[in-house]
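Scroll down for the structure; my scribbles are underneath it.
Where a number appears in this text, it was derived from the coordinates with a stated rule and is not lab data. Note that the structure is predicted; figures quoted are calculated from it, not measured. Cβ coordinates were reconstructed from backbone atoms using ideal geometry, including for glycine residues, and neighbour counts include every protein chain displayed.
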Amino acid sequence: MAIQPMIIAHRGLPKESPENTLAAFRLAIAQGADGIEGDFHLTKDKHIVCIHDSHTARVANKKLIVKDSTLAELQKLDVGYWFNSAFKNEKIPTLEEVLAILPSETKLFLEIKSDPEIVPYLLRILKNNRINLNQLVIISFNSKTLKNVKQQMPELKTLLLLSLKTFNSIKLSSLSAHKLLKKLDDIDADGISTSVSQFLNKNYIYQFIARGYEYHLWTVDNKKIAEKFMKIGINSITTNNLNTIKQIQYSPTTN
């Protein structure tokens, strides 16, 4: 029996607060998100911080390359003022700080942006924090990174990310589910998380579900599109429009 898809807040609540900050995550949690999604990079001194880009130029008044900067250097930056003066002095959070504010009933979709070098540092943090591993979903475009995670901590759920935004019907059909299923088997992932394509349909998605894999979607802000895929029986939708998508009345398609 299909379960109601989780609604995941993309980078927190980025329309009401500066993305990937504790302020954004707290707002999303307060507004009833089933989970939050954040992006994580490894710093020069081997800390893990929450920021989308590989540098700080878009969210601060100074450009620092994350992998070439220390945590202390990065946390001197104000990453809230660019959004609104009300968020002045908001800092780039560490993974530990994000885990610390995560309620026991809320998921964290943790996107690994760094290369596989980050994995041992990530797993060390997870082991040292009293976080329920069932709350975590590790996501990445890098299949090698996900394979490393599974090999070292198989109890963690992993999803392979794939963008379908530029795919037409021919390109999607050539990217056969068979090939992707083989890759998921190889890296021992629990499922796949894709963007939406107008050619993505129930038959394509069901090839994964029928094999026991999860199917997740990002980043869906349109209510009608979200409703269409929720009826199919996907596992989650990541969105910037949390309140709008949460209003959808769930009604799975019957086979």
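What to note about this one:
- A protection proxy built from the mean count of other Cβ atoms within 10 Å ranks the segments 129-138, 214-223, most packed first, as 214-223, 129-138.
- Alpha-carbon centroid distance for the pair segment 71-100 / segment 158-177, whole angstrom: 35 Å
- Nearby lysines by direct alpha-carbon distance to Lys231 (threshold 20 angstrom, same-chain neighbours under 8 apart not counted): Lys202, Lys223, Lys246
- Given charges at Cβ of Lys, Arg, Asp, Glu: the chain dipole, positive-most of Ala33, Ile139, Phe167: Phe167
- For trypsin sites (Lys or Arg not before Pro), the sites in segment 16-55 that DSSP calls loop and that have at most 13 other Cβ atoms within 10 Å are Lys46.
- DSSP beta bridge pairing in segment 6-246, given as percent antiparallel to the nearest 5: 15 percent
- Each residue, Lys76 and Asn132, gets one label point 7 Å from its Cα in the Cβ direction; the gap between the two is 4.1 nm.
- Spatially proximal lysines relative to Lys150 (Cα-Cα < 26 Å; intrachain offsets below 8 disregarded): Lys44, Lys46, Lys67, Lys107, Lys113, Lys127, Lys179, Lys182, Lys183
- Potential lengthening between Asp53 and Tyr121 on full extension [0.36 nm per residue; Cα-Cα distance subtracted]: 22.5 nm
- Ser176-Thr219 FRET efficiency (beta carbon distance; Förster radius 30 Å; 0.05 resolution): 0.75
- Distance in nm between pseudo-label sites at Ser169 and Lys46 (7 Å out along the Cβ direction from Cα): 5.3 nm
- R0 of 30 Å, Cβ-Cβ distance Gln198-Glu105: FRET efficiency to nearest 0.05: 0.30
- Zone of Ser251's modelled label, taken as backbone nitrogen in segment 195-218 under 19 Å from a point 7 Å along Cα→Cβ: 202
- Relative to the current alpha-carbon distance between Lys67 and Lys15, full extension at 0.36 nm per residue lengthens the span by 16.0 nm.
- Residue separation of Gln4 and Glu96 scaled by 0.36 nm, minus their Cα-Cα distance, works out to 30.2 nm of gained length.
- Total charge dipole magnitude, the chain, about the Cα centre, Cβ charges on Lys, Arg, Asp, Glu only, Debye to nearest 20: 460 debye
- Pairwise inverse Cα distances across the chain, averaged and inverted, put the Kirkwood hydrodynamic radius at 18.8 Å.
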